[in-house]
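Report on the following structure.
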Amino acid sequence: MYSDTENYKIEILSFLTQSSEPVGSGLLSRLFVSKGVELSEATIGRILRQMDQDNWTLRIGFQGRTITEVGRAMLVELKTLRKRQIFSNQFIETLELTKIDDLVDILVARRAIERELARLAALNANADEVQLLLDMVTEQGQYEVKERISAEHDVMFHKLLAKASKNKVLAAAMELIGYDAQLSPILERIRTEVEGELVNDHSEIVKAIRERDPDKAEIAMIFHVDSLISDVKRYRSSVKK
């Protein structure tokens, strides 16, 4: 979930992008008040100092702050992540038990397809594709440490795996059953709710692919999808209570 501080950072960065002059804590405080948020200058000052340290903002003497290029890039990323989280929250709030059952059915279909994709990737992936999978797992792990949603990385991981299999029919079948940028955030949110994990599963799959062990890759993929199915079922049980 996004904290108040993270939302405040988005608002501050958004305002700084619209100003051609440095902006001080006093003006920012009045801005928040105009939006119905009582935020003291001291609190804003602490937030700004943290953003200074992260190189999102730059202090110009006593005049105030301006936004850096790093800050502009982070604003785009934060807005994207917040939008995705809002979508996921809305879906979870309206998710009916029958729809959860549909998710289980999709995952069962995925298990049948992806176990073979994993086997083929272990046999057919070239060195560059293996390295891309390794890099994706590393980056996804960094996002989880920072407690950011890593659904986009999950989508990319499975797309890279399908490509590495060199089987266009199976790759197309994955797209057909609905594993896309909308389903993944939903599964990611459910996984977060029940405190499941994805990165460790992905690591084992990539390890088997790197070792060129198709049997081990298949087993790792089955374990991964079964873990997702278990997480969805645990979530279903929790909402029934």
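The values are calculated or read from the model by the stated rules, or taken from the named source; none is laboratory data. Please read these numbers as outputs of a predicted model, since none were measured by experiment. Heads up, the Cβs are rebuilt from the backbone with ideal geometry, glycines too, and the neighbour counts pull from every protein chain shown. Only protein heavy atoms, including side chains, enter the accessible area calculation; ligands, DNA and RNA are left aside. Shrake-Rupley method; radii C 1.70, N 1.55, O 1.52, S 1.80 Å.
Summary table below
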| item | result |
| --- | --- |
| Surface accessible to a 1.4 Å probe, Leu176 within the full protein complex, Å² | 150 Å² |
| Solvent-accessible ranking of Asp231, Asp54, largest area first, probe 1.4 Å | Asp54, Asp231 |
| Area of Leu58 that stays accessible when all protein chains are in place (1.4 Å probe, Å², to 10) | 90 Å² |
| Distance between modelled label sites at Gln142 and Lys168, nm, 7 Å Cα→Cβ extension | 3.4 nm |
| Listed residue pairs exceeding 27 Å between alpha carbons, taken from Lys168/Lys207; Lys99/Lys166; Lys168/Lys216; Lys79/Lys207; Lys35/Lys79; Lys159/Lys207 | Lys99/Lys166; Lys79/Lys207 |
| Cβ-based net charge around Leu134, under 12 Å, with every Lys or Arg adding one and every Asp or Glu removing one | -2 |
| Inter-label distance for Thr80 and Asp135, nm, one decimal - labels placed 7 Å from Cα along Cα-to-Cβ | 1.6 nm |
| Net charge of Cβ neighbours under 14 Å - reference Asp215; Lys, Arg +1; Asp, Glu -1 | 0 |
| Within-14-Å neighbourhood charge of Gly61 [Cβ basis; K, R +1; D, E -1] | 0 |
| Accessible surface ranking that places the most exposed of Met74, Met221 first, with a 1.4 angstrom probe | Met74, Met221 |
| Net lengthening on full extension, Ser237/Phe15 (0.36 nm per residue, minus Cα-Cα) | 75.6 nm |
| Per residue accessible area in Å² of segment 18-57, where ligands, DNA and RNA are left out and the probe is 1.4 Å | 59 Å² |
| For segment 205-219 versus segment 34-88, the gap between their alpha-carbon centres in whole angstrom | 43 Å |
| Largest-first ordering by accessible area, 1.4 Å probe, given options Thr68, Thr138 | Thr138, Thr68 |
